[in-house]
Amino acid sequence: MGEFALGQPVSRFEDPRLLRGGGRYVDDMVLPNMAYGHVVRSPHAHARILKIDVSRARAAPGVVAVLTGEDWAKSGFGDLPTAGGKKRRDGGKMYRPKFPALTSDKVRYVGDPVVFVVADTAARAQDAAELVEIDYEPLPAVTDSIRAAEAGAPLVHEDCENNICFVHLEGDKAKTDAAIAAARHVVRRKFRLSRVYAATMETRGSIGDYDRAADRYTCYTTLQRALNFREELSATLHVPESKLRVVAGDIGGSFGMKSGVFNEVGMVLLASKTLSRPVKWTASRSEAFLADAHGRDNHTEAELALDERGKFTALRVRSVNNVGAYTQPGSDSGSYSNLGTLAGVYTTPAVHVDVTGCYTNTNIMRPFRGNGRPEAAFVIERLVDIAADELGVDPAELRRRNMISPDAMPFQTGLSFNYDCGEFEKVLDGALEMVDYKGFEARRAAARERGKLRGIGISYTIEKAAGPGFEGAEVRFDRTGSITLVAGSVTQGQGHETVFKQIVSDRLGIHPDEIHYLQGDTDQVFLGEGTGGSRTSALGGSAVFSATEKVVAKARRIAAHMLQVEEVDYAEGVFTSPKTNRSLTMREVARSAMSPKNLPQGMEIGLNANAVFHASRQNYPNGCHIIEVEIDPETGVTSIERYVVTDDVGVVMNPKLLKGQIVGGIAQGVGQMVMEEIRFDDQSGQILTGSFMDYAMPHAELFPHIDIKAMPTPTKTNLLGVKGAGEAGCVGALPAMANAMVDALSHLGVKDIVMPATPERVWRMIEEAKRAPA
Amino acid sequence: MLYDVKMTVNGAAVAGQVEARTLLAQFIREHLRLTGTHVGCDTTQCGCCVVHVDGVAVKSCTMLAVQAVGRSITTIEGLAAADGTLHPMQEAFREHHGLQCGFCTPGMVMMAVDIARRKPGADEKTVRHELEGNICRCTGYQGIVEAILDGSAKINAARINSAEA
């Protein structure tokens, strides 16, 4: 079974189906007698609703229902769940607004849902939506988090003072303030972490299907965590979970964005209940820009203190983060749950962070690949480069000087992270060697000859993965000895099916073709928290492994009973004993287990096992990215000439899929640094980047071949020794790209760069630097 | 008002009644229920909906069904051999991990086959440039580019072999 063992570059089992066009995404589904919904959304960022007239829409051809906030209020369903648990600076509870699926008093962002029109075809629903008449009284809007917190700013929720949702403090303030006051050098900077958008290629969609006879709801939707989703939905609808079935088909990317219970889920379920027929809603791309959650978006001020030897003595960070107009559970977590990354791989003894989350007249925010990790990594790794520049020390050397050594493990950082393992200097050296760091100045000089400005940028970042939690898995032997494997996690493209089948096939000796993988259906999955925070390999993988261990343990007893020996040996799916020349395969044992005559006295029939793996400690993937860029001073165009990564994500389950995760993450990080940005008009609050014509998505041409080398230090925090790999690429890319671009321009006096560093911005920076007095 | 349309899709004659505004992508997905062709945007940027019309890659969201009357359409469902064997480009995408969530994949593969036809022997730079009309959010393109280089080489080697035989 070596062919499929963990560590082999196994091609994915899900691919043949997807490559034939056999994916089943939610918009591919058509249920009998299905109707189609279209959402009428606010054209204003902030306005009072004076009147809603749906009479013409209701009379339009094919229309079967028109729902408003009034219908939602009368439905018996409750508000959508919101984020909780945080406090404001005065110790009072965080502000949690009412959040109906359809608003009826005020609209709070462009795209806020007001009316849901349902017709027999999608086109007719869209036509009828044009006939809905809504009178608005526009109000001043605020889209920026700092401006939102200023006195006199428009209030997104009238009873929420200064628009402040919550304040989060972390670290030792007194110690940090004292260290900074006493420091030899202090490096200070303001950073703007731009607002970006997951832009999953599949937009969100949902089908509500209420079965009146059974009084039970089924929701087919785009999500990451089926059982958690059902729990939140249950709270929203005021319906017990047993009356709800949530089903995810194939998910066309999510990156954190699709995980919440969005308004439209409530709408399709209410419409389906009203009509007793299935109702589908699918976002168009233009609608997705208005209705999806966005990510990142904060203003940060940071200070790094150093002593005379260049050792970091303290880090102080203050940020003001945008939480959008409403929250969902966890939608604000990027503001606080990954601040640990700020401490980096460094020994910095004192760290303090002060975060304020503010409501604005903008879309909901949600985790987007990294969820605070890239933001934090950007801040610390930019500060290190700025310090290196101000002190005249090589950036690689400054990092080396401050790195935590392997003998210091476990290491408690100045923030929440407590590292169990990691060999940071070794991984740094690996990347420096891969890129030929010593030879860089010659390459810079050669580029200069060609009229190009070459720069090199390093980042060494660390993040948490698989935060404390659990995941479930179940191995069901079918009667003939094939397997149905059920997992609590939900893939959105990561390849769970492949690595899980690898584990099962390797441990149980059943060929992957005879394993059916099942996920994302709450009627099938017994337990699990789902996918997010780079948790599936560690928690889901360990759960699957643990289930196979249970199967093997029971199968050993059955095999011993059948072979009439005390004990059996087990390897590669075969049970043997030195006391007999008979042997039994796992399949034979599984089939035999269906009959009580083959079982030891009192043993339960069947060879099924479910397992839950719980991790009390997270793991810490880390790695080094080095990028070389060339900037054309005539056009401002940046070309990535070289990109190397050395990564410690623990034991590698499948090197092919690992590379895919790292490269995919890098593309999103680089994308944010050089081209992507959600922008709003300051005055009107209108989104200015509402399509792929305005929101620049990274294309193939942006990237060179990226070289990745795994340098694992296995972790003991889970059964497989793996660390999370889903977010690592994005985390390292953002600061490495910025550092490379600043390095290319630093001889001109450029000290910092704003994201997105588009050719126009870079060109202007070069021109301004040229004109600046020397 | 509805219009009668007839065309060939994946080798079979098909007919239907559509509105004037019905896009070819909608006709394929909603009337023929061939849901492998995806729609990822509404501004002709993403390329998830690429099909072949008379052998040439076309974004089916940017063509009306009525414009396809009498034409021969190939969708992702029609790419594999009749016995189910994957097309060399589909195989290459699997081998090189050229897909993750699979949503952009049908359009990518149809575009890749078109690139192999138009630009035999294209180098990495050319392939990356040729993908300007296709967006992938998962892979960072590396697996896709490797797949197209490998798949193109295999398709074109087979083409030369069959020409020589």
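The values are calculated or read from the model by the stated rules, or taken from the named source; none is laboratory data. This is a predicted model, so every value here is computed, not measured. Glycine gets a Cβ as well: all are built from the backbone with ideal geometry, and neighbour counts include every protein chain shown.
Mind telling me which of the residues B:Leu2, B:Leu23 ends up being farther than 30 Å from B:Glu146 by Cα, buried (at least 21 other Cβ atoms within 10 Å of the Cβ) and in contact (Cβ under 8 Å) with a residue 12 or more places away in the chain?
Just a single option satisfies the conditions, and that option is B:Leu23.
Condition test on A:Asp297, is it within 30 Å of A:Arg225 (Cβ to Cβ) and either assigned to a strand (DSSP E or B) or of a type in the set (Asp, Glu) (or both)?
yes
Taking A:Ala291, is it closer than 28 Å to A:Gln686 by Cα and in contact with a Gly (Cβ under 7 Å, 6 or more places away or on another chain)?
Answer is yes for this residue.
For the range A:385-497, please list each of the helices (runs of 4 or more DSSP H) lying entirely inside it that holds at least 3 residues being closer than 19 Å to A:Ala314 by Cα.
A:395-402
Of the residues A:Arg225, A:Arg204, A:Arg212, A:Arg277, only one is more than 14 Å from every other protein chain (Cβ to nearest Cβ), charged (D, E, K, R) and crowded, with 23+ Cβ neighbours inside 10 Å; which?
Step by step, each of A:Arg225, A:Arg204, A:Arg212, A:Arg277 is checked, and only A:Arg225 is more than 14 Å from every other protein chain (Cβ to nearest Cβ), charged (D, E, K, R) and crowded, with 23+ Cβ neighbours inside 10 Å.
How do the pairs read when you match residues in the range A:220-238 that are among the acidic types (Asp, Glu) with residues anywhere that are surrounded by 22 or more Cβ atoms within 10 Å (Cβ to Cβ), using Cβ under 7 Å and keeping only pairs 6 or more apart or on different chains?
Here the result reads A:Glu232/A:Val261, each pair linking the range A:220-238 to a residue that is surrounded by 22 or more Cβ atoms within 10 Å (Cβ to Cβ).
Which condition number does A:Tyr517 fail, the rest of (1) surrounded by fewer than 24 Cβ atoms within 10 Å (Cβ to Cβ); (2) in contact (Cβ under 8 Å) with a residue 40 or more places away in the chain; (3) of a type outside the set (A, V, I, L, M); (4) assigned to a helix (DSSP H, G or I) being met?
For A:Tyr517, the exception is condition (4).
Tell me the residue from B:Gly107, B:Gly40 that is part of a helix (DSSP H, G or I), in contact with a Cys (Cβ under 8 Å, 6 or more places away or on another chain) and either within 13 Å of another protein chain (Cβ to nearest Cβ) or within 19 Å of A:Gly493 (Cβ to Cβ) (or both), please.
Just one listed residue meets the conditions, B:Gly107.
One line per residue, one yes/no per condition, for (1) crowded, with 23+ Cβ neighbours inside 10 Å; (2) touching a helix residue (DSSP H, G or I) at 6+ places or on another chain (Cβ under 6 Å); (3) more than 30 Å from A:Gly729 (Cα to Cα):
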{"position": "B:Leu86", "(1), (2), (3)": "no, no, yes"}
{"position": "B:Met89", "(1), (2), (3)": "yes, yes, no"}
{"position": "B:Cys104", "(1), (2), (3)": "yes, no, no"}
{"position": "B:Gly107", "(1), (2), (3)": "yes, no, no"}
{"position": "B:Asp114", "(1), (2), (3)": "no, no, yes"}
{"position": "B:Pro120", "(1), (2), (3)": "no, yes, yes"}
{"position": "B:Asp123", "(1), (2), (3)": "no, no, no"}
{"position": "B:His129", "(1), (2), (3)": "no, yes, no"}
{"position": "B:Cys138", "(1), (2), (3)": "yes, yes, no"}
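Can you work out which of the residues in the range A:165-213 that are of a type in the set (Gly, Ala, Ser) and in a strand (DSSP E or B) is farthest from A:His294 (Cα to Cα)?
Step by step, filter the range A:165-213, then rank; the result is A:Gly171.
Among the residues of the range B:45-54, is there at least one that is more than 9 Å from chain A (Cβ to nearest Cβ) and farther than 21 Å from A:Gly23 by Cβ?
Looking for residues that are more than 9 Å from chain A (Cβ to nearest Cβ) and farther than 21 Å from A:Gly23 by Cβ, one finds at least one in the range B:45-54, hence yes.
With the requirement that a residue be in contact (Cβ under 8 Å) with a residue 24 or more places away in the chain, within 14 Å of chain B (Cβ to nearest Cβ), buried (at least 19 other Cβ atoms within 10 Å of the Cβ) and in a loop (DSSP other than H, G, I, E, B), what does the range A:689-717 give you?
Hits for the range A:689-717 are A:Gly690, A:Phe692, A:Tyr695, A:Met697, A:Pro698, A:Phe703.
Could you check A:Gln686 against (1) buried (at least 20 other Cβ atoms within 10 Å of the Cβ); (2) in the same structural domain as A:Gly344 (by TED's automatic domain parsing); (3) out of contact with any Gly (no Cβ under 8 Å at 6 or more places or on another chain) and say which number it fails?
Result: A:Gln686 passes all but (1).
Do we have any residue at all in the range B:57-77 that's closer than 30 Å to A:Glu727 by Cα and within 7 Å of chain A (Cβ to nearest Cβ)?
No; the residues of the range B:57-77 include none that is closer than 30 Å to A:Glu727 by Cα and within 7 Å of chain A (Cβ to nearest Cβ).
Pick from A:Val351, A:Val355, A:Val317: which is within 30 Å of A:Glu158 (Cβ to Cβ), assigned by TED's automatic domain parsing to the domain that holds A:Pro756, assigned to a strand (DSSP E or B) and not aromatic (Phe, Trp, Tyr)?
A:Val355
Matching residues to (1) within 14 Å of the chain's Cα centre (by Cα); (2) under 28 Å from A:Ser691 (Cα atoms); (3) in the same structural domain as B:Asn134 (by TED's automatic domain parsing); (4) without any contact (Cβ under 8 Å) to a residue 40 or more places away in the chain:
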| site | (1), (2), (3), (4) |
| --- | --- |
| B:Thr37 | yes, yes, no, no |
| B:Gln45 | no, yes, no, no |
| B:Cys49 | yes, yes, no, no |
| B:Val53 | yes, yes, no, yes |
| B:Ser72 | yes, no, no, no |
| B:Leu99 | no, yes, yes, no |
| B:Phe103 | yes, yes, yes, no |
| B:Asp114 | yes, yes, yes, no |
